[in-house]
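Colleague: I am attaching a structure below and will ask some questions about it afterwards.
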Amino acid sequence: MSGVRIEILARAEAGRFAAERIVERARSGRLRTLGVATGSSAEPVYEALVRLPGARAALAGVTAYALDEYVGLADTDANSYRTTLERQFTQPLGLTSAALRVPDGTALDPRAEAGRYERELAERGGADLQLLGIGSNGHIAFNEPGADLDGRTHVVELTAQTRADNARFFTEPGAVPTLAITQGVGTIMSADELLLLAFGPEKADALHAALTGPVTSAVPASAVQAHRRVTVLADEAAAGQLLAGGALGERDVLVQGMTSVGA
C-alpha cells in the first residue's frame, strides 16, 4: 500500500485539503476535467470550494464529469444527481450548466447513453482529478461488490441495500430507481489522480478492506491500490481499523494534527 497517501483529518479539514488540491491543479493548468461525486463524503469539498478565495476564477475553464446518474429521473428532479451537483457545486461557484456533464438518465436507450458518456470522457483523456466516496460495502460510484474491475461506463441494477441506503432522500422507498448509469471501475482508474474521502465509523470496515486486503471485485474500492496517484482523506473514525491494526507504515500515511501514529 506504499503508493497510497493517507491523510487523517476531520471532515471539514479534509474538504479544505481537497478543495485546495483542486484549485492548485486548476491554477497550474493541470485540471481540464474534474471528476465529481455525489453523496455526503464529497459535500465538505464543495463547501470548502465555495469559501476558498479564487476558486471560482480557477474553475472557470474546467468541465466536471459526474460519476453516475439514476435511470428514469429527469434532470430537474430534486433527487437526480445533476440537480444535486448543481445545487452543491456549480451554482454556488457561479459555473454554467454546460460546465457539468452528467449521464442522461432519461435516454431512451440507457446502455447507448452509457457508451456515449464513456466515449466523451475518454476523448478528454479521462478525469485529471477524480473525487470518490466509498460505500460501507466497498463500492465506488455504483460499482457494487462483484463489479468488473476493468469495466467501463455501464447500466447497473441497484442492489436492495443501495436502494435502502438511498431511500432517505426519497418520499418513499419504492420511489428509489432500480437502475443507474455509472462509470466503471476501469473508467475511474483512468483518472490521473484520485482523492478518496471516507468519514465515520460505518466506513471503517470498507476502508480497511480496500487498502489492506487483496485487490478484488468483492471490494471494488480495492482497485485504488493499483493507481499511481491516490490520496485517501479520512477522519479518525473511518481510519480506526487502519490505525489500530498497524497496517500503516511511515511511507503510507501522513497524519495531521490528531494523533502521532505514523507521523
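The values are calculated or read from the model by the stated rules, or taken from the named source; none is laboratory data. Bear in mind the structure is a predicted one, so any value in this text is a computation, not a measurement. Cβ placement follows ideal geometry from the backbone for every residue including glycine, while neighbour counts extend to all protein chains displayed.
Colleague: Any residue at all in the range 251-261 that's at pLDDT 95 or above, part of a loop (DSSP other than H, G, I, E, B) and surrounded by fewer than 22 Cβ atoms within 10 Å (Cβ to Cβ)?
Modeller: Within the range 251-261 (the criterion being at pLDDT 95 or above, part of a loop (DSSP other than H, G, I, E, B) and surrounded by fewer than 22 Cβ atoms within 10 Å (Cβ to Cβ)), the answer is no, since none of the residues qualifies.
Colleague: Take the residues of the range 206-222 that are in contact with a strand residue (DSSP E or B) (Cβ under 8 Å, 6 or more places away or on another chain) and not hydroxyl-bearing (Ser, Thr, Tyr): which is farthest from Leu196 (Cα to Cα)?
Modeller: Result: Gly213.
Every residue, every condition in (1) at pLDDT 95 or above; (2) of a type outside the set (D, E, K, R); (3) touching an Asp or Glu at 6+ places or on another chain (Cβ under 6 Å); (4) farther than 20 Å from His139 by Cβ, yes or no:
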position	(1), (2), (3), (4)
Met1	no, yes, yes, no
Leu9	yes, yes, no, yes
Ala12	yes, yes, no, yes
Arg21	yes, no, no, yes
Ala37	yes, yes, no, no
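Colleague: Looking at Gly115, Gly151, Gly184, Gly146, which is the one that is touching a His at 6+ places or on another chain (Cβ under 8 Å) and more than 20 Å from Glu7 (Cβ to Cβ)?
Modeller: It is Gly184.
Matching residues to (1) in contact (Cβ under 8 Å) with a residue 12 or more places away in the chain; (2) farther than 27 Å from Ser28 by Cβ:
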| residue | (1), (2) |
| --- | --- |
| Pro103 | yes, yes |
| Leu108 | no, yes |
| Gly115 | yes, yes |
| Ala122 | yes, no |
| Ala127 | yes, no |
| Leu131 | yes, no |
| Ile134 | yes, yes |
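Colleague: Do we find that Phe142 is aromatic (Phe, Trp, Tyr), buried (at least 21 other Cβ atoms within 10 Å of the Cβ) and within 15 Å of Ala180 (Cβ to Cβ) in this structure?
Modeller: Here the answer is yes, as Phe142 does meet what is asked.
Colleague: Just checking, does the range 199-207 include any residue being assigned to a strand (DSSP E or B), in contact (Cβ under 8 Å) with a residue 60 or more places away in the chain and in contact with a Lys or Arg (Cβ under 8 Å, 6 or more places away or on another chain)?
Modeller: Checking the range 199-207: not a single residue is assigned to a strand (DSSP E or B), in contact (Cβ under 8 Å) with a residue 60 or more places away in the chain and in contact with a Lys or Arg (Cβ under 8 Å, 6 or more places away or on another chain).
Colleague: Within the range 51-109, restricting attention to residues that are β-branched (Val, Ile, Thr) and out of contact with any strand residue (DSSP E or B) (no Cβ under 7 Å at 6 or more places or on another chain), which residue is nearest to Ser41 (Cα to Cα)?
Modeller: Filtering the range 51-109 for residues that are β-branched (Val, Ile, Thr) and out of contact with any strand residue (DSSP E or B) (no Cβ under 7 Å at 6 or more places or on another chain), the one nearest to Ser41 (Cα to Cα) comes out as Thr84.
Colleague: For the range 224-245, enumerate the residues that are part of a helix (DSSP H, G or I) and surrounded by fewer than 23 Cβ atoms within 10 Å (Cβ to Cβ).
Modeller: Residues satisfying the conditions are Gln225, Ala226, Gly240, Gln241, Leu243, Ala244.
Colleague: Same structure again: For the range 161-185, name all the residues that are modelled with pLDDT of 95 or more, buried (at least 18 other Cβ atoms within 10 Å of the Cβ) and not β-branched (Val, Ile, Thr).
Modeller: Ala180, Gln183, Gly184
Colleague: Filter the range 148-160 down to the residues that are closer than 21 Å to Val102 by Cα and touching a residue at least 40 places away in the same chain (Cβ under 8 Å), then identify the one that is surrounded by the fewest Cβ atoms within 10 Å (Cβ to Cβ).
Modeller: Val155
Colleague: Could you go through the range 133-148 and let me know if any residue there is at pLDDT 95 or above, of a type in the set (D, E, K, R), in a loop (DSSP other than H, G, I, E, B) and closer than 27 Å to Arg32 by Cβ.
Modeller: Scanning the range 133-148 turns up no residue that is at pLDDT 95 or above, of a type in the set (D, E, K, R), in a loop (DSSP other than H, G, I, E, B) and closer than 27 Å to Arg32 by Cβ.
Colleague: Out of curiosity, is Leu195 crowded, with 17+ Cβ neighbours inside 10 Å, part of a strand (DSSP E or B) and touching a residue at least 40 places away in the same chain (Cβ under 8 Å)?
Modeller: Considered against the rule, which asks whether it is crowded, with 17+ Cβ neighbours inside 10 Å, part of a strand (DSSP E or B) and touching a residue at least 40 places away in the same chain (Cβ under 8 Å), Leu195 comes out as yes.
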